[in-house]
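Structure, as structure tokens:
The values are calculated or read from the model by the stated rules, or taken from the named source; none is laboratory data. If you're wondering where the values come from, they're calculated on a predicted model, not measured in any experiment. Neighbour counts run over all protein chains shown; Cβ positions are idealised from the backbone, glycine included. What goes into the accessible areas is simple: the full protein's heavy atoms, side chains included, and nothing from ligands, DNA or RNA. Shrake-Rupley method; radii C 1.70, N 1.55, O 1.52, S 1.80 Å.
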Amino acid sequence: MLKYQNKTESLADRFKRYVQIDTQSDPDSATTPSTEKQKNLGRVLVQELLELGISDAHIDEYGYVYATIQANTDKKVPVICFCSHMDTSPDCSGLNVKPIVHFNYQGQDLVLPDDTSIVLKQSEHPDLKNQIGNDIITASGTTLLGADNKAGLAEIMEAAAFLMQHPEVKHGKIRILFTPDEEIGRGVDNVDLEKLGADFAYTVDGESLGSLEDETFSADGAVLTIHGVSSHPGFAKGKMESALKILSAILDRLPKDKLTPEATSQKEGFIHPVNIQGNVETAQAHFILRDFDDTLLAQHGETLRALVEEVLKAYPKSTYQLEITQQYRNMKGVLDQYPQVIAIGMQAIERAGITPKKQSIRGGTDGSRLSLMGLPCPNIFAGEHAFHGKQEWVSIQDMEKAVQTIINIAVIWEEQA
């Protein structure tokens, strides 16, 4: 097979073009996609796919982009899908992103020019130690970069361009899927798996070079509503039970040395409040509950409920509602049934000259839900780091290795058919 050549300029330019299109999703929106602007990038991707000669590329009413690279082999090869998401996180602005390339990184602090208080240091970003001599892309200091997951988009597009330009590289049918709203947990709500027609898939949405993730958190969302007792503050003695103060007491009682993102790592789960609002009469908090073990995840919900009821003993006239809903589940149970999917991913990384690292991700991807929907889908690295914030960065050379890995996956499935 032909090796993907170092096309730093075109890959970087492709990525920089994508990150400048604002695609931030909105968890408070009831529409699909949650923000219409996500379709702006979807239409760009469709046009570029059509220009590559991928004639069925299109965007549907829900903002999903579908495309097919037809097989060029006589072998019967499983249909493989590569998937990335178009939206960026609601946690940090994605408007007017100014991507900056820091060429030939030599270990120095990277000071972002539009807000010089934003500094990338090796002490805070250990993987920068592996980037000496590489070219690092950051934003300018006022926005996130959008490497999560536009690095994945650029890498899949670059791999598609290579395969379309090199018909001598044999592969089976390849399906491309770009999704909206992954960052708010709705990435595959309206995906048409029958139309997609894939046997196996790989999301390209991982972090460090060489990683392949076959396990994610299981995830629930929780909404806690406190109904207090309102009264005129001048005549409130013995009457008022402020929902705001009750909710504050509950939040203050949450564990501080465990079961919280700030104090957990590896396989440890947590209870995490992400939004609060309200007044004296009614106050509400939204939580995310996470764990790799479904039994422990359920226990986290009960821990929260017990804490609420304990606090409310001091407020006998007040009541609460706690609604817990499933968001996604750990994909490992599904992927363990399809070891070839993982094995080929690992081989593809090795062929790219990288030591593969199979690991768990303290988060979720579209692959989590796709796997549970019947499409086994591990996650391979895209090279993105420090996502959801202004210090987000990616290495061009790591992105190139991701492109090579995608190509390798397609080739190895054909070889082993």
Checklist entry - Just to be sure, is Leu49 of a type in the set (A, V, I, L, M, F, W, C), more than 21 Å from the chain's Cα centre (by Cα) and open to solvent by less than 10 Å² (accessible area, probe 1.4 Å)? => result yes
Next on the checklist: Just to be sure I understand the filter: pairs with C-beta atoms under 6 Å, separated by 6 or more residues or on different chains, first member in region 50-75 and closer than 18 Å to Gly172 by Cα, second member assigned to a loop (DSSP other than H, G, I, E, B) and open to solvent by less than 30 Å² (accessible area, probe 1.4 Å). Which pairs pass?
Outcome noted: Ala67/Ile54; Ala67/Ala57; Ala71/Gly172
Checklist entry - Going by the conditions given, is Glu155 open to solvent by less than 10 Å² (accessible area, probe 1.4 Å), closer than 25 Å to Ser34 by Cα and either part of a loop (DSSP other than H, G, I, E, B) or modelled with pLDDT of 95 or more (or both)? => result yes
Item to check | Identity of the residue in region 186-234, over 23 Å from the mean Cα position of the chain (by Cα), outside any loop (DSSP other than H, G, I, E, B) and in contact (Cβ under 8 Å) with a residue 60 or more places away in the chain, that ends up surrounded by the fewest Cβ atoms within 10 Å (Cβ to Cβ) | outcome: Lys195
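Residue by residue through region 235-247, note down the ones that are hydrophobic (A, V, I, L, M, F, W, C) and in a helix (DSSP H, G or I).
Phe235, Ala243, Leu244, Ile246, Leu247
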Checklist outcome for this item: Among strands (runs of 3 or more DSSP E) entirely inside region 352-417, those with 1 or more residues being surrounded by fewer than 24 Cβ atoms within 10 Å (Cβ to Cβ) and on the phi < 0 side of the Ramachandran plot are 357-361
Checklist entry - What about Lys75, is it farther than 27 Å from Glu400 by Cβ, surrounded by 13 or more Cβ atoms within 10 Å (Cβ to Cβ) and over 26 Å from the mean Cα position of the chain (by Cα)? => result yes
Item to check | Enumeration of residues in region 113-147 that are open to solvent by 10 Å² or more (accessible area, probe 1.4 Å), in contact with a Phe, Trp or Tyr (Cβ under 6 Å, 6 or more places away or on another chain) and over 12 Å from Phe15 (Cβ atoms) | outcome: Asn134
Checklist entry - If Leu251 satisfies every condition in (1) open to solvent by 50 Å² or more (accessible area, probe 1.4 Å); (2) under 25 Å from Pro316 (Cβ atoms) but one, which is the exception? => result (1)
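Could we say that Arg175 is of a type in the set (D, E, K, R) and open to solvent by less than 20 Å² (accessible area, probe 1.4 Å) here? If you could, list the steps in order and put the result at the bottom.
Details: of a type in the set (D, E, K, R): yes; open to solvent by less than 20 Å² (accessible area, probe 1.4 Å): yes.
The answer is yes for Arg175.
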Checklist outcome for this item: Restricted to region 235-266 and to residues being hydrophobic (A, V, I, L, M, F, W, C) and free of Cβ contacts under 8 Å to residues at least 12 places away in the same chain, the residue farthest from Arg362 (Cα to Cα) is Phe235
Checklist entry - Does any residue of region 31-39 turn out to be modelled with pLDDT under 95 and under 25 Å from Val274 (Cα atoms)? => result no
Next on the checklist: Please verify whether Lys98 is modelled with pLDDT of 95 or more, of a type in the set (Lys, Arg) and under 22 Å from the mean Cα position of the chain (by Cα), treating the condition exactly as stated.
Outcome noted: yes
Next on the checklist: Given the criteria in contact with a Pro (Cβ under 6 Å, 6 or more places away or on another chain) and under 19 Å from Ala382 (Cα atoms), does Ile156 qualify?
Outcome noted: no
Checklist outcome for this item: Here, strands (runs of 3 or more DSSP E) confined to region 18-132 with at least 3 residues that are hydrophobic (A, V, I, L, M, F, W, C) are 65-69, 80-85
Item to check | Residue, nearest to Gly146 (Cα to Cα), within region 95-120, restricted to residues that are in contact with a helix residue (DSSP H, G or I) (Cβ under 8 Å, 6 or more places away or on another chain) and not hydrophobic (A, V, I, L, M, F, W, C) | outcome: Pro99
Checklist outcome for this item: Those residues of region 30-46 that are open to solvent by 30 Å² or more (accessible area, probe 1.4 Å) and of a type outside the set (Lys, Arg) come to a total of 6
Checklist entry - Is there a residue being farther than 30 Å from Ala249 by Cβ, among the acidic types (Asp, Glu) and touching a residue at least 40 places away in the same chain (Cβ under 8 Å) anywhere in region 338-351? => result no
